[in-house]
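The values are calculated or read from the model by the stated rules, or taken from the named source; none is laboratory data. What you see is a predicted model; the values in this text were computed from it and never measured. Because the Cβ atoms are built from the backbone with ideal geometry, glycine has one as well, and the counts that use them run over all protein chains shown.
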Amino acid sequence: MGDVQNSDVPPQQTAPTAERGTARRPGSGPYLDEITGAGGRHTPVWFMRQAGRSLPEYRELRAGTTMIEACFDPEMTCEVTLQPVRRHGVDAAIFFSDIVIPLAAAGVDIDIVPGTGPVVAQPIRSEDDVAALPELTPDQLEKVAEAVRLVVGALDPEVALIGFAGAPFTLASYLVEGGPSRNHERTKSLMHSRPDVWNALLAKLADLTTVFLRAQIEAGVDAVQLFDSWAGALSLRDYRSLVLPHSARVLGDAVVSSVPRTHFGVGTGELLGAMGEAGVDVVGVDWRLPLDEAATRAPGKVLQGNLDPAMLFADRAPLDAEVRRILDEASRARELGARGHVFNLGHGVLPTTDPGAVTHVVELVHELTGR
Ligand code: 1CP
């Protein structure tokens, strides 16, 4: 991939700070220090889906507002982004939004149905459907950019703000299936029956994703994560030929590659090396693969993960033992060439998780790794 070299350039050297409107500081704090090799005062920790339904203060604030409305309300977005930072003391905030927000902003008829997830009114399955998919322009993301600027102004400078987007494959899966899918059968069918239509769809989604990430970076996020949540459903062969080139184009964009980048998927142990080649600093690892094994599959990367979200429901003794095991495996991963470790879950916080368990894990990781 043409952008592989980019991932080896320390992000601070390439960051076009002049273009980053409200950039508040040169990157610092435990999260950015770990990724850039500066070595922070402890292993940084944050949680995918830390902002959202597991927090009573979120449920209270969101009452009576749809998810899509909330994502276009800068004050609400800012507040929800900050809630888990205040409550848990995490080292990074994830910008509150959703992977389908750029589609909604572009005018695609899409809803986020409570308890289900994204649902598309007109699924995209033909050449004409792909041609009719609207483009996204930066002005359609003004509310998103405004929300990022509010968070940047309010966040503790030691806490990183992570922007994100869905990768082209995972977005395509929602558009082609019409909603959440277990087997992705229509998506895989399109991919193989009409590779021309498939590649045209992914190329358009890569453009849309790039515009969404650029808007967040230009408004001041410190780093980005590209979620290819459902890529683990693919064979390595299909991933490499029909998905990776599109993700790599997003991650190699001049603005996107000016900040540290993480690439994440669920059940992607077999794809980890290829995902690392997409042009990223950090690869997400789920609980199925030990971090020391991940270090050999994705050489030279910072590893992020990999506590099973279900472990947050366990008693404290087995939970603590899991945290210690993961930190031990992260040490071995470093010896095997991993460039660092960001503690996280292997997937998102489940909605009925006790927030106290999340805070406890943050405290334990900080205590055990304090340098
Ligand atoms: O009504 C509600 O409260 C809706 C629940 C909800 C929330 C809180 C959805 C619907 N999305 C979100 C926020 C969200 N989504 C965030 C920001 C908050 C944070 O991480 O702390 C992020 C990063 C996402 C990203 C997202 N959305 C992904 C990738 C991450 C992952 O979990 O794999 C995916 C696949 C989605 C789609 C989506 N949106 C919502 C749901 C329930 C789903 C998954 C549906 C499915 O199973 O297919």
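Worth a mention:
- In region 234-274, the qualifying residues are those that are under 13 Å from the mean Cα position of the chain (by Cα) and within 25 Å of Asp33 (Cα to Cα), and the one that is surrounded by the fewest Cβ atoms within 10 Å (Cβ to Cβ) is Thr262.
- Filtered by the rule that a residue be surrounded by fewer than 13 Cβ atoms within 10 Å (Cβ to Cβ) and modelled with pLDDT under 90, region 38-60 gives a lone residue, Gly39.
- Residue in region 164-175 that is assigned to a helix (DSSP H, G or I), within 12 Å of the ligand (Cβ to nearest atom) and polar (S, T, N, Q) present: yes
- Residues of region 245-294 that turn out to be closer than 20 Å to Ala203 by Cα, more than 16 Å from the ligand (Cβ to nearest atom) and of a type in the set (Ser, Thr, Tyr), as a count: 1
- Within region 47-69, the residues that satisfy the criterion of being part of a loop (DSSP other than H, G, I, E, B) and more than 6 Å from the ligand (Cβ to nearest atom) are Phe47, Ser54, Leu55, Ala63, Gly64, Thr65, Thr66.
- Residue within region 86-102 that is within 16 Å of the ligand (Cβ to nearest atom), part of a helix (DSSP H, G or I), surrounded by fewer than 15 Cβ atoms within 10 Å (Cβ to Cβ) and of a type in the set (D, E, K, R) present: yes
- Residues satisfying the stated conditions in region 189-215, i.e. within 18 Å of Ala233 (Cβ to Cβ) and within 16 Å of the ligand (Cβ to nearest atom): Leu205
- Checked against (1) of a type in the set (Ser, Thr, Tyr); (2) surrounded by 20 or more Cβ atoms within 10 Å (Cβ to Cβ); (3) assigned to a helix (DSSP H, G or I), Thr353 passes all but a single condition, namely (3).
- Taking each residue of region 109-122 that is under 12 Å from Met67 (Cα atoms) and among the hydrophobic types (A, V, I, L, M, F, W, C) and looking for partners that are assigned to a strand (DSSP E or B) and at pLDDT 95 or above with beta-carbon atoms closer than 9 Å, six or more apart or interchain, yields Ile110/Pro118; Ile110/Val119; Ile110/Val120; Ile112/Pro118; Ile112/Val119; Val113/Val119.
- Filter pass, Pro168 being farther than 19 Å from Phe72 by Cβ and either in contact with a Cys (Cβ under 6 Å, 6 or more places away or on another chain) or surrounded by fewer than 16 Cβ atoms within 10 Å (Cβ to Cβ) (or both): no
- Any hit, region 18-29, residues being within 16 Å of the ligand (Cβ to nearest atom) and either modelled with pLDDT under 95 or buried (at least 17 other Cβ atoms within 10 Å of the Cβ) (or both): no
- Evaluating Ala278 against the criteria (1) over 30 Å from Ser189 (Cβ atoms); (2) not in a strand (DSSP E or B) leaves one unmet condition, (1).
- Failed item, numbered, when Val224 is tested on (1) away from the ligand (no atom under 16 Å from the Cβ); (2) closer than 18 Å to Gln304 by Cβ: (1)
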